[in-house]
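Inspection log for the structure reproduced underneath, given as structure tokens.
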Amino acid sequence: MRVAIIGAGVAGLASARRCLENSFEPIVYERSKIVGGTWVYEERTGVDEFGLPIHTSMYKNLMTNLPKELMDFPNFPYKGLDNISFLKPWQVQEYIEQFTEHFGLNKYIQNNSHPNRLLTGLICVVNLVTSVERLTNNWQVTVEDLKTKTLKTEYYDAVMVCNGHNASPFIPDIPGKDDFEGIQIHSHDYRIPEHFTNMNVLIIGSGPSGIDICSDVSKVANQFQVLNIVNESDFPPIFRLQVYFSHHKPELIEKEFPKNVVHLPDVELFSKKSVCFKDKTKQTLDAVIYCTGFKISLSFLKPSCGINVLNDKLITPLHKNIINMNNPTMGFIGYLNMTFVFRIFDLQVRYYLEFLRKNCLSRLDSTVTTMTPVTTHFLGQNMLYYCKSLVSDENKVEPIPSIYFEIYIGCHELKEKYFRSYHSSVFKIINNDEYLIEFDAENVKNK
């Protein structure tokens, strides 16, 4: 079975690996120069050399909010990082590249018409999937080679959509937004805090990126040596960076944030140089960073695919967040939120390939009658239930060991208790039933 895989991030690479193990023939299409998807750090923002929007949202100072013990593919552990658990982006990216090389996936990340282009390391032929259409008995995939501007059409038995959902920014329509004269960016285009030195900055949104970027931007206030001032309280207010954190989560107010972070409610409206909040307070601003999430974009899927995206947030109709109910030989991998990624994406892949193998192409339509579409891509507290639903005695899909779910819960409990210092902890898996956390809370507190 020939399988087109769209995207060479975590989901796409997991798909390629398992396709090969199941004797399927994968071809992976990737529009960036290297594998890794959202984990690729790119200093540029805006558009790339081909005039396409930069895909990655990675920023320089990011540190993972889950330990590496929850960020590995099955049977391929991190090497040389035994004494740390929370990683920088380049460390995750390096791991992904090692995974790609170890399983020989590079040769499948190319356009068949140019097999000799893959010459150095992990550089891929730069392919943009422009169209996916369902024909009577197979799939037609049209791809543009971005370097030569030539189009090529290939035909496949199945398609796995793995291009991710963190690349098309969503910015809320707030009254007066277009009148504001300061800087406005989405977190997708945030890279380094130094661009906001000595500015009053508003962060909108309290998801993981909002919390992290809020703390990151606040660091550039600590530049008192410019005026040879030692005591922070003596620093002239006009030179002090103020970070306003707009959200509606009361529990965050109790957390330990940097001193120059001020919690405020939702924004009511903007004016040329200031912002007014729902509680009627008003603040002068230099910049706004919207940490307000992303839209799902699947413009390359033509109507014959039988897929709709509701309100830019929900792909439908999908069974188990994976199977296209209108065309079951199309699967979606990685369209999940509030979960740990690597192993659960891998579980999705194994479930879907077993579904294809078990039902065979001629019998797929008859299975749709037993399917139900999902109503959300958010897992959260339903994560364990969801993963168990992909495993049964009938489909022969191996479950994720329960220890990983326990670590996930343990990590969140640690984060709740040590909001600003949990990154210094080290998780160690003893066996499939036990793990431990090495964390010197007292020493961290005194630093």
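The values are calculated or read from the model by the stated rules, or taken from the named source; none is laboratory data. Nothing here was measured: the structure is a model prediction, and the numbers come from that model. Methodologically, a virtual Cβ is constructed for each residue, glycine included, from the backbone with ideal geometry; neighbour enumeration extends over all protein chains shown. Quick note on the areas: whole protein, heavy atoms, side chains included, nothing else; ligands and nucleic acids left out. Shrake-Rupley method; radii C 1.70, N 1.55, O 1.52, S 1.80 Å.
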- Query: Between Asn61 and Phe378, what length in nm is gained on full extension when 0.36 nm per residue of separation is reduced by their alpha carbon distance?
  - Reply: 111.5 nm
- Based on the Cβ-Cβ distance of Leu436 and Lys388, what FRET efficiency does E = 1/(1 + (r/R0)^6) give at R0 = 22 Å, to the nearest 0.05? 0.30
- Note on the structure: For region 373-385, in residue order, the Karplus 3J(HN,Hα) values (coefficients 6.51, -1.76, 1.60; θ = phi - 60°; whole Hz; Gly and Pro = x) are x, 6, 10, 7, 9, 8, 9, x, 5, 8, 4, 5, 4
- Message: If you take log10 I(q)/I(0) by the Debye sum over Cα atoms at q = 0.10, 0.11, 0.14 Å⁻¹ from the coordinates, which of (1) -0.92, -1.06, -1.43; (2) -0.80, -0.95, -1.41; (3) -0.72, -0.88, -1.41 do you get?
- Response: (2)
- Message: What is the percent carbon and sulfur in the accessible area of the chain, measuring with a 1.4 Å probe over the protein chains and ignoring ligands?
- Response: 51
- Task: Rank Ile183, Gly12, Asn359 by how far each Cα sits towards the positive end of the charge dipole of the chain (+1 on Lys, Arg Cβ; -1 on Asp, Glu Cβ) and give me just the farthest.
- Result: Asn359
- Query: When only DSSP loop residues count, what trypsin sites (Lys or Arg not before Pro) in region 270-316 have their Cβ near at most 10 other Cβ atoms within 10 Å?
  - Reply: Lys272, Lys280
- Place a label point 7 angstrom from the Cα of Lys273 along the Cα-to-Cβ direction, then list the residues of region 169-190 whose backbone nitrogen is under 13 Å away. 181-182
- Query: Say a site is exposed when it is one of the GluC sites (Glu not before Pro), sits in a DSSP loop, and has at most 13 other Cβ atoms within 10 Å; what is then the longest site-free stretch of the chain?
  - Reply: 257-393
- Query: Asp286 to Ile192: extension gain in nm, 0.36 nm per residue of separation minus the Cα-Cα distance?
  - Reply: 32.2 nm
- Query: Among the trypsin sites (Lys or Arg not before Pro) within region 121-182, which fall in a DSSP loop and have no more than 16 other Cβ atoms within 10 Å of their own Cβ?
  - Reply: Lys147, Lys149
- Query: Given H placed 1.01 Å from N in the peptide plane, which residues other than close sequence neighbours of Gln184 have an amide H under 5 Å from its amide H?
  - Reply: Val288
- Over the chain, calculate the relative contact order: mean separation of alpha carbon pairs under 8 Å at least 6 apart, over the residue count, as a percent. 17
- Provide the per residue accessible area, probe 1.4 Å, for the chain, rounded to a whole number of square angstrom. 48
